[in-house]
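What follows is a single structure, written as structure tokens, with notes after it.
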Amino acid sequence: MHVAVVGGGVSGAVAAYRLRAALGDGAAITVVEATGTLGGKLRTAEVAGVRYDVGAEAFLARRPEGAGLAAELGLELVHPTKARSTVRAGGRVAPLPGRTLMGIPGSPDAVADVLSGAGRARVAAEPDLPPVTLESDTALGVLLRERFGDELVDRLVDPLLGGVYAGGADGLGLRATVPALAAAIDRGAPSLTAAAAGLIPAKPSGAPVFGTLPGGLGTLIDRLVELAKPDIRFGQPVTGLRRRANGWRLEIGDEAIDADAVLLAVPAPAARRLLADVAPAASSALGEVELASMAVVAMALPPGTELPAASGVLIGARERRADGEPFAAKAFTFSSRKWSHLDTGPVLLRGSVGRFGEPGALQRDDDELVRLVRDDLAELTGITATPIDVAVQRWGGGLPQYGPGHLDLVERAERAVAEVPGLALAGAALHGVGVPACIATATAAATRVTSHLVP
């Protein structure tokens, strides 16, 4: 019995682990990874001698999949300090408002500190507008701008979404990005303010929102691979996939691999190419998923460098520096403030660069990108200390964009794949870009493959 897992990111690694647990040591599991490194967007580098994440740096701890898998694997989970997030809004840095749903307020007072007088008035007037209705899916930004005006979107919603998707509200679909809000509207909430108010708990939960691993999220990949014990093929992409009488043949350069089942855990463009002949409807659907590129500039500053008393700062696309130029960075994470396991030794922080459709600073070489990010850091915090170490990690096409209609295209893709025995699909293009969502799709895909092989 042989299963080929195409893609060695977190989805592929989880799938291999689940397959090994279900099929036992007698099964052959091959992971084919086009690059020379496993983990995908989970990558832990060494910066100034410290293991430091230069991809995803945390996951939602309130979803069960990530915390549950860490416990299952015997990995220690740590949570952020009490340092608050901030946002650069209207030319100043302010605390990130609480009691919102992805920046959508349940009351005007919740966002008053980040808006102008005119912006507060627009938010306060939203409940008095005609009732909101949804025929189908819609661009989140279009709906929010119609109801609340531009300022709430530009100063708060876009910076928050940029941290998750590297995209703005205008290009993202309501039902995929804020499904609870869409469901509240479908149930008859008369306004977005009322819908958000009904979803925001009256008493905030004391449970941590995020979690990570003290040795970096790369530790998760290492442990999964250790237990899955797959044969790993590095450095060559799968260029062809076709059905055989009793299984599948994968073409890898001049070679071929035969397998009883195939699990695809690759970005949407790669999945589209591989499914073109075996599941054309799925291929067509995945071809509609667009991708955003980004980069992380990780810096270690000399010990004793004073960071702001915050976990980080989000930056809206329309914010401007004192010289009138846009910021290169969309966010900074002050990691030595955010995580207690990083609060000794070199002072660690990272700047995130890149928004969907706006390559901007990503077109610069690494040295220039570092200079631009350092200039932004100085503008926002006054910190001008020369880093003792720097790492630049670029993620070309790293984040799928969940545009209007995303849930429908995913349903089309999954329905088409379900009609093909011995084939399964997982990854960030489906039901969420975060680590827990990827774990969920990988687990479901592994279960589908197992059910096919062991009826």
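Just one of the numbered conditions (1) crowded, with 19+ Cβ neighbours inside 10 Å; (2) assigned to a loop (DSSP other than H, G, I, E, B); (3) of a type in the set (Val, Ile, Thr) is not true of THR133: (1). Counting only residues that are more than 13 Å from PRO127 (Cβ to Cβ), polar (S, T, N, Q) and surrounded by 20 or more Cβ atoms within 10 Å (Cβ to Cβ), the range 177-212 holds 2 of them.
A single entry from GLY12, GLY68 fulfils the requirement of being under 23 Å from THR441 (Cα atoms) and crowded, with 20+ Cβ neighbours inside 10 Å: GLY12. Scanning the range 301-318 for residues that are crowded, with 21+ Cβ neighbours inside 10 Å and either within 30 Å of ASP170 (Cα to Cα) or among the charged types (D, E, K, R) (or both) turns up SER311, GLY312, VAL313, LEU314, ILE315, GLY316.
Residue by residue, here is whether (1) crowded, with 21+ Cβ neighbours inside 10 Å; (2) touching a helix residue (DSSP H, G or I) at 6+ places or on another chain (Cβ under 7 Å); (3) closer than 30 Å to HIS79 by Cα; (4) not charged (D, E, K, R) holds:
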residue	(1), (2), (3), (4)
VAL225	no, yes, yes, yes
ILE232	no, no, no, yes
GLN236	no, no, no, yes
ARG243	no, no, no, no
ASN246	no, no, no, yes
LEU250	yes, no, no, yes
GLU255	no, no, no, no
ASP260	no, yes, no, no
LEU264	yes, yes, no, yes
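Residue check: ILE29 meets all listed conditions (1) assigned to a helix (DSSP H, G or I); (2) crowded, with 21+ Cβ neighbours inside 10 Å but one, namely (1).
Criterion applied to PRO269, PRO190, PRO237 was being in contact (Cβ under 8 Å) with a residue 40 or more places away in the chain, over 23 Å from ARG63 (Cα atoms) and assigned to a helix (DSSP H, G or I), and the one residue passing it is PRO269. For the range 320-354, which positions are surrounded by fewer than 23 Cβ atoms within 10 Å (Cβ to Cβ) and over 25 Å from ARG51 (Cα atoms)? Correct list: ARG320, ARG321, ALA322, ASP323, GLY324, GLU325, PRO326.
The residue pairs whose first member lies in the range 206-227 and is in contact (Cβ under 8 Å) with a residue 60 or more places away in the chain, whose second member is among the hydroxyl-bearing types (Ser, Thr, Tyr) and not in a helix (DSSP H, G or I), and whose beta carbons are closer than 8 Å, counting only pairs six or more residues apart or on different chains, are GLY215/THR44; GLY216/THR44; GLY216/TYR52; LEU217/THR44; GLY218/THR44; THR219/THR44.
Say we look at the range 26-56 and pick out the residues that are of a type in the set (D, E, K, R) and within 15 Å of VAL225 (Cβ to Cβ); which of these is nearest to the chain's Cα centre (by Cα)? The selected residue is ARG43.
Taking ALA361, is it in contact with a Leu (Cβ under 7 Å, 6 or more places away or on another chain), assigned to a helix (DSSP H, G or I) and either within 21 Å of ASP323 (Cα to Cα) or among the hydrophobic types (A, V, I, L, M, F, W, C) (or both)? For ALA361, the condition - in contact with a Leu (Cβ under 7 Å, 6 or more places away or on another chain), assigned to a helix (DSSP H, G or I) and either within 21 Å of ASP323 (Cα to Cα) or among the hydrophobic types (A, V, I, L, M, F, W, C) (or both) - is met. A Cβ distance below 6 Å, combined with a sequence gap of six or more or placement on separate chains, defines the contacts here; from the range 30-43, residues that are within 20 Å of ALA446 (Cα to Cα) reach residues that are part of a strand (DSSP E or B) and among the small types (Gly, Ala, Ser) in the pairs THR30/ALA4; GLY40/GLY9. Flag not set for ALA416, criterion: part of a strand (DSSP E or B) and modelled with pLDDT of 95 or more.
Can ALA281 be described as crowded, with 18+ Cβ neighbours inside 10 Å and either assigned to a strand (DSSP E or B) or in contact (Cβ under 8 Å) with a residue 60 or more places away in the chain (or both)? For ALA281, the condition - crowded, with 18+ Cβ neighbours inside 10 Å and either assigned to a strand (DSSP E or B) or in contact (Cβ under 8 Å) with a residue 60 or more places away in the chain (or both) - is not met.
Filtered by the rule that a residue be in contact with a helix residue (DSSP H, G or I) (Cβ under 6 Å, 6 or more places away or on another chain) and touching a residue at least 40 places away in the same chain (Cβ under 8 Å), the range 157-176 gives VAL157, ASP158, LEU161, GLY168, LEU172, GLY173, LEU174, ARG175, ALA176.
Among the conditions (1) in contact (Cβ under 8 Å) with a residue 12 or more places away in the chain; (2) closer than 22 Å to LEU161 by Cα, the only one that ARG92 does not satisfy is (1).
Being at pLDDT 95 or above, of a type in the set (S, T, N, Q), touching a Leu at 6+ places or on another chain (Cβ under 6 Å) and under 19 Å from GLU57 (Cβ atoms) narrows it down to one of SER352, SER335, so name that one.
On the way: SER352 fails: touching a Leu at 6+ places or on another chain (Cβ under 6 Å).
Exactly one residue qualifies, and that residue is SER335.
Could you say whether any residue in the range 167-177 is part of a strand (DSSP E or B) and of a type in the set (D, E, K, R)? Checked against the condition, which is being part of a strand (DSSP E or B) and of a type in the set (D, E, K, R), the range 167-177 yields no hits at all.
The values are calculated or read from the model by the stated rules, or taken from the named source; none is laboratory data. Please read all numbers here as calculations on a predicted model, not as lab measurements. FYI the Cβ positions are ideal-geometry reconstructions off the backbone, even for glycines, and counts take in every protein chain you see.
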